[in-house]
Amino acid sequence: MRIPDLREAADIKGSRQLSRKAVPPTYIPLKNAIFYSMAAAYAEEKGSRYIIGGHNGDDMRVFEDAGDGFFTSMQAALSAASPRLSKNKLEIMRPLRDMGKPEVVALGAALGVPFEYTWSCHRAGERHCWKCAGCKARTKAFKAAGIKDPLRPKKV
Ligand SMILES: [Zn+2]
């Protein structure tokens with residue numbers, strides 16, 4: 001599925017006024033509602049029970065749609081929308097929920113995750129830009145974890 005119009009909001013003033021959290025400039029309106037709806041459509045087609053998200057504790061502190069309330073409601077809504085997902089007792093799992101980004105990097109290193117195949121940049125391109133919020137968070141997390149990022153060039 002392609003979702004070419006999904007991008008960071010041009011004007012988040014209204015979202016900032018209503019949010020209980022500090023809405024960052026990287027906010028994409030209803031991003032997780034859209035992604036989990038797409039995942040649920042796939043899960044329904046495949047007859048799956050689980051949808052597993054990679055959200056971590058840092059995400060929960062920043063984004064309304066990465067917290068427990070959102071996922072409880074989303075799971076209920078998706079189950080209500082799909083008899084097959086309801087029958088399969090759909091469960092959205094977030095195994096990294098209680099970890100910060102540096103802990104996630106450390107866990108990945110311990111498990112042998114091939115970080116050279118991971119993507120953190122918020123911009124489209126062949127390589128990470130190392131300037132956007134996603135790239136900066138990645139750099140900070142690897143540094144805090146004390147692990148060399150195989151993608152990060154020596155000089156940026
Ligand atoms: Zn970037």
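FYI, it's all coordinate maths here, none of it is from the lab. Remember, it's a predicted structure, so these values are computed and weren't measured experimentally. Don't worry about glycine lacking a Cβ; one is built from the backbone with ideal geometry, like all the others, and counts go over all protein chains shown.
Based on what the data block shows, is Ser73 assigned to a helix (DSSP H, G or I), more than 16 Å from the ligand (Cβ to nearest atom), surrounded by fewer than 19 Cβ atoms within 10 Å (Cβ to Cβ) and polar (S, T, N, Q)?
Yes; evaluated as a whole, the condition is true for this residue.
Within the range 99-156, work out how many residues are within 13 Å of the ligand (Cβ to nearest atom), hydrophobic (A, V, I, L, M, F, W, C), without any contact (Cβ under 8 Å) to a residue 24 or more places away in the chain and assigned to a loop (DSSP other than H, G, I, E, B).
4
If I ask for residues that are among the basic types (Lys, Arg) and out of contact with any helix residue (DSSP H, G or I) (no Cβ under 6 Å at 6 or more places or on another chain), which ones from the range 99-156 would you list?
The answer is Arg123, Arg127, Lys131, Lys136, Arg138, Lys140, Lys143, Lys148, Arg152, Lys154, Lys155.
Collect the residues in the range 107-138 that are over 19 Å from Tyr27 (Cα atoms), within 17 Å of the chain's Cα centre (by Cα) and surrounded by fewer than 13 Cβ atoms within 10 Å (Cβ to Cβ), keeping them in residue-number order.
Listed by number, the list holds a single entry, Tyr117.
Need the failing condition index for Ser86 against (1) away from the ligand (no atom under 16 Å from the Cβ); (2) touching a residue at least 12 places away in the same chain (Cβ under 8 Å); (3) touching a helix residue (DSSP H, G or I) at 6+ places or on another chain (Cβ under 7 Å); (4) not acidic (Asp, Glu), just the number.
(2)
Name, by its number, the condition in (1) closer than 22 Å to Asn32 by Cβ; (2) crowded, with 18+ Cβ neighbours inside 10 Å that does not hold for Met99.
That leaves (2) as the condition not met.
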